[in-house]
Amino acid sequence: MEGNLYRKIEADIKHAFKTGDALRRSVLVMLKSAIANKAIENREKDAAPSDQMVQDLVSIEVKRRRDTMAQYEAAGRADLAEKEKQELAILMDFLPQQLTEEEIASLVDLAVLETKAQGEKDFGKVMGALASKIKGRADGAAVSKIVKAKLLG
């Protein structure tokens, strides 16, 4: 059924208001706003957003948090990095179970066999073959790192 994830976000916002969890409320209101903006952009403002659309937006926000967290850590701002880490944990609740490094490596091995990849020049082929299998379930940078290691070694 479409829209279950969106309804869960709305319910979590209400719960965060009731419990006084300002950080969770803030993150989820931002997420709900991003979903509404995407629906308007897609001219679907009256339709319930699909779970796939919500997951795609959550994935984008997760990537932003990871990038920002790395920048704050590099700048020596542990306090701001910690806030990003907390926001990241909240967002991760709305993504499917994340793949382990071993599971990613196994999928990469299969993709290398399927595409008959021979080296680094076939990186794009392998990543393309993996795209649908890992969407929302693994960090792209981690997958990229494993693919490069497999193709070079």
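The figures follow:
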{"quantity": "Single residue of 13, 60 found to be free of Cβ contacts under 8 Å to residues at least 40 places away in the same chain, closer than 21 Å to residue 135 by Cβ and of a type in the set (Val, Ile, Thr)", "calculated": "60"}
{"quantity": "Region 113-125: number of residues that are under 12 Å from residue 152 (Cβ atoms) and of a type outside the set (Lys, Arg)", "calculated": "6"}
{"quantity": "Single unsatisfied condition, residue 62 versus (1) surrounded by 15 or more Cβ atoms within 10 Å (Cβ to Cβ); (2) in the same structural domain as residue 35 (by TED's automatic domain parsing); (3) over 10 Å from the mean Cα position of the chain (by Cα)", "calculated": "(3)"}
{"quantity": "Matching residues in region 83-110 - criterion: being part of a loop (DSSP other than H, G, I, E, B) and under 22 Å from residue 21 (Cβ atoms)", "calculated": "93, 94, 95"}
{"quantity": "Residue within region 139-148 that is surrounded by fewer than 16 Cβ atoms within 10 Å (Cβ to Cβ), closer than 25 Å to residue 9 by Cβ and either in contact (Cβ under 8 Å) with a residue 60 or more places away in the chain or not assigned by TED's automatic domain parsing to the domain that holds residue 9 (or both) present", "calculated": "yes"}
{"quantity": "Residue satisfying all of: in region 19-57; of a type in the set (Val, Ile, Thr) and closer than 26 Å to residue 83 by Cα; surrounded by the most Cβ atoms within 10 Å (Cβ to Cβ) among these", "calculated": "54"}
{"quantity": "Selected residue (only one of 57, 80 is under 29 Å from residue 7 (Cβ atoms), assigned by TED's automatic domain parsing to the domain that holds residue 30 and either part of a helix (DSSP H, G or I) or not polar (S, T, N, Q) (or both))", "calculated": "57"}
{"quantity": "Candidates 110, 88 - the one that is surrounded by 12 or more Cβ atoms within 10 Å (Cβ to Cβ), modelled with pLDDT of 90 or more and farther than 30 Å from residue 11 by Cβ", "calculated": "110"}
{"quantity": "Filter result for residue 73 (within 30 Å of residue 30 (Cα to Cα) and either surrounded by fewer than 17 Cβ atoms within 10 Å (Cβ to Cβ) or in contact with a Cys (Cβ under 7 Å, 6 or more places away or on another chain) (or both))", "calculated": "yes"}
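The values are calculated or read from the model by the stated rules, or taken from the named source; none is laboratory data. Treat the numbers as computed from the prediction; the structure is a model and nothing was measured. We place every Cβ from the backbone using ideal geometry, glycine too, and count neighbours over all the protein chains shown.
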